[in-house]
Amino acid sequence: MTVAIHIENLTRRFNDLVAVDNISFDIEHGEIFGLLGPNGAGKTTTLSMLSTMLKPTSGSATVNGIDIERDEDGVRKSIGIVFQDQSLDEELTAWENMDFHGRLYRIPADIRKQRITELLRLVELEDRQHDIVKTFSGGMRRRLEIARGLLHHPSVLFLDEPTLGLDPQTRNHLWQYIATLAREKGITIILTTHYMDEADRLCNRIAIIDHGKIIALDTPKNLKDGIGGDVVTIRSPDPAAIVAALAEPWISRVEQHNDEVIVSLKNAEQHISTIVTLLNTKQVPIESIAIHKPTLEDVFLSFTGKTIREEEADHKTNMRMYQKMVRH
Amino acid sequence: MDIIYTIWLRNMKRYIRSKSRIIGSISMPLFFLLFLGFGLNSVVQLPGIGGNYIVFLIPGMVAMSVLFTSVFSGIQIIWDKQFGFLKETLVAPVSRLEIMLGQTLGGATTAVLQGFMILILSLFIGLHVSNPVGFLIALGFMIMIGISFTAFGIAIASRMEDMTGFQLIMNFVVFPIFGLSGALFPISSLPAWMGPVTLIDPLTYGVEGIRYGLTGVSQVNPLICFAVIGVFSIMMTVLGAFLFRKIKF
């Protein structure tokens, strides 16, 4: 395995806000690597630095062995990007958008034509290739952008929230494309998302990022195993009593979260009756009890003490305050 | 060169498809020409300039058409910013200068085409082009006006985040440039104290240059016109390129 991306102490500040805080990791060639975190965690900022759109405040990184600060054009030639926000020319046709891109990347005319045909077929847009993009649905536009990002045969493809705002069916479809692409073309894919289930299914490895810091980095399986078994969520009017009652050696972790208690343990199905009996004898009231296999959502909660949604709500408040400060 | 062509080509494709824009931006100078031209033709005396008012007005309306179309084409970069397309261009392994020059040439081409249409329509209301050299001179001045003001539009657009300031720029910068240029009346007919103001308006030299080409008469020496508008177009291109380089993603 060779290293596709090497990041060392990368930091980016916006005035007094530290968007990316001293992160370091490597991404291997051919990997599908997920950057997972709430909105505003620093995912897009990281991607912007790696794709030379934004200068780091400090630290360094290489993409395909090329330094992102020393040789911007070298990096740009070897990467493809699908931005979070749409970036097509709506007045042009699908073909013309592709052709524009091919010319910008100086792909010779005959190869350009052949690749455009091939890629538009791959993303199933060949019947609509001469239609103006304005008439395309959100999913079609996304597919076109992915095809465009691949036109110059990049060895690394950045996808920033590629499924944001799409319906579940289109999202599934798109992920299948991405998985197939990675396999067939052997390219490294770095994607950001805040859909935990998507990251879980698709990525070989995941970095969980929060407040600009990498708080966990591993395969989805290892991350979930780190929870310590299955997850039992008990809702009760007296959650503190549950925490006290469940101090047993066969329970790996007990955490109170608002009016819920989250219990991690191996083989939860076998122990559930014991838990209920235990709580009954100590006369702790139970409102509801649920068991599930650990998800990345649980991993996020265990590392940050918050669910990703709460974290986003917090962040919005922060951003609002920040914007007010800047304005005044 | 191929990158400049690529950007230019995109501008041309968009131009040809925007039928309503073509007609919209042709209508204003055309109406000016018809209403003012025919309305004032018998009233207005132009001592020492010769010809009638319509013939005097035609070069001004050609210049107006080029001016407004080119500023507008330059400012269009803001839309590219808002619709995200600018990112796609900026992240490609090409220089900002090439992008800016492609955009300038694209905008100038559309502007000259718009001016050319006014020119053609003018043939039906009294314009006689007897001298092909004069016609080429007029075309040369149209091209220089087009380049100057597309670059000017790009310079402005590079510093603006959205279209909210657009109206302000149009009313307080572009319209005075047009009004003071001698497009509608001979600059000598203004009060004496306004004379210097018209002479610092770069468009004055463009209008006078086109007028020299089309009618053979002008109030400013055509060589001076050429020098001034030539230098101005270079200055604007340099300024536009400088500010465009500083655009952040």
Residues being assigned to a strand (DSSP E or B) and crowded, with 18+ Cβ neighbours inside 10 Å: count how many of those fall in the stretch A:206-216.
7
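Yes/no per residue for (1) more than 30 Å from residue B:17 (Cα to Cα); (2) of a type in the set (Phe, Trp, Tyr); (3) assigned to a loop (DSSP other than H, G, I, E, B); (4) modelled with pLDDT of 95 or more:
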site: A:44; (1), (2), (3), (4): yes, no, no, no
site: A:54; (1), (2), (3), (4): yes, no, yes, no
site: A:61; (1), (2), (3), (4): yes, no, no, yes
site: A:77; (1), (2), (3), (4): yes, no, no, no
site: A:85; (1), (2), (3), (4): no, no, yes, no
site: A:90; (1), (2), (3), (4): no, no, yes, no
If a residue must be surrounded by fewer than 21 Cβ atoms within 10 Å (Cβ to Cβ), more than 13 Å from every other protein chain (Cβ to nearest Cβ) and either free of Cβ contacts under 8 Å to residues at least 24 places away in the same chain or small (Gly, Ala, Ser) (or both), how many such residues does the stretch A:41-76 contain?
7
Which of the residues belonging to the stretch B:179-207 are over 20 Å from residue B:231 (Cβ atoms) and either small (Gly, Ala, Ser) or surrounded by 11 or more Cβ atoms within 10 Å (Cβ to Cβ) (or both)?
B:179, B:183, B:184, B:185, B:186, B:188, B:189, B:190, B:192, B:194, B:195
Name the single residue, out of those in the stretch B:56-103 being of a type in the set (Phe, Trp, Tyr) and within 23 Å of the chain's Cα centre (by Cα), that is nearest to the other protein chains (Cβ to nearest Cβ).
B:79
If we scan the stretch B:222-241, do we find a residue that is more than 26 Å from residue B:74 (Cβ to Cβ), among the aromatic types (Phe, Trp, Tyr) and surrounded by fewer than 21 Cβ atoms within 10 Å (Cβ to Cβ)?
no
Based on what the data block shows, is residue B:185 in a loop (DSSP other than H, G, I, E, B), among the hydrophobic types (A, V, I, L, M, F, W, C) and under 30 Å from residue B:39 (Cα atoms)?
yes
Can you run down the residue pairs with Cβ atoms below 8 Å, 6 or more apart or on separate chains, where the first is in the stretch A:79-97 and on the phi < 0 side of the Ramachandran plot and the partner is of a type in the set (D, E, K, R) and in a loop (DSSP other than H, G, I, E, B)?
A:84/A:161; A:93/A:131; A:94/A:131; A:96/A:89; A:97/A:89
Quick check, is residue A:173 within 13 Å of chain B (Cβ to nearest Cβ) and surrounded by fewer than 21 Cβ atoms within 10 Å (Cβ to Cβ)?
no
Restricting attention to the stretch A:77-91, and to residues there that are farther than 18 Å from residue B:7 by Cα and within 7 Å of chain B (Cβ to nearest Cβ), which single residue is surrounded by the fewest Cβ atoms within 10 Å (Cβ to Cβ)?
A:85
Considering residues that are surrounded by 16 or more Cβ atoms within 10 Å (Cβ to Cβ), within 14 Å of another protein chain (Cβ to nearest Cβ) and not in a loop (DSSP other than H, G, I, E, B), the number found within the stretch A:92-126 is 13
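The values are calculated or read from the model by the stated rules, or taken from the named source; none is laboratory data. Predicted, not measured: the structure shown is a model, and the values here were computed from it. Positions of Cβ are generated from backbone atoms using ideal geometry, with glycine treated the same way; all protein chains shown enter the neighbour counts.
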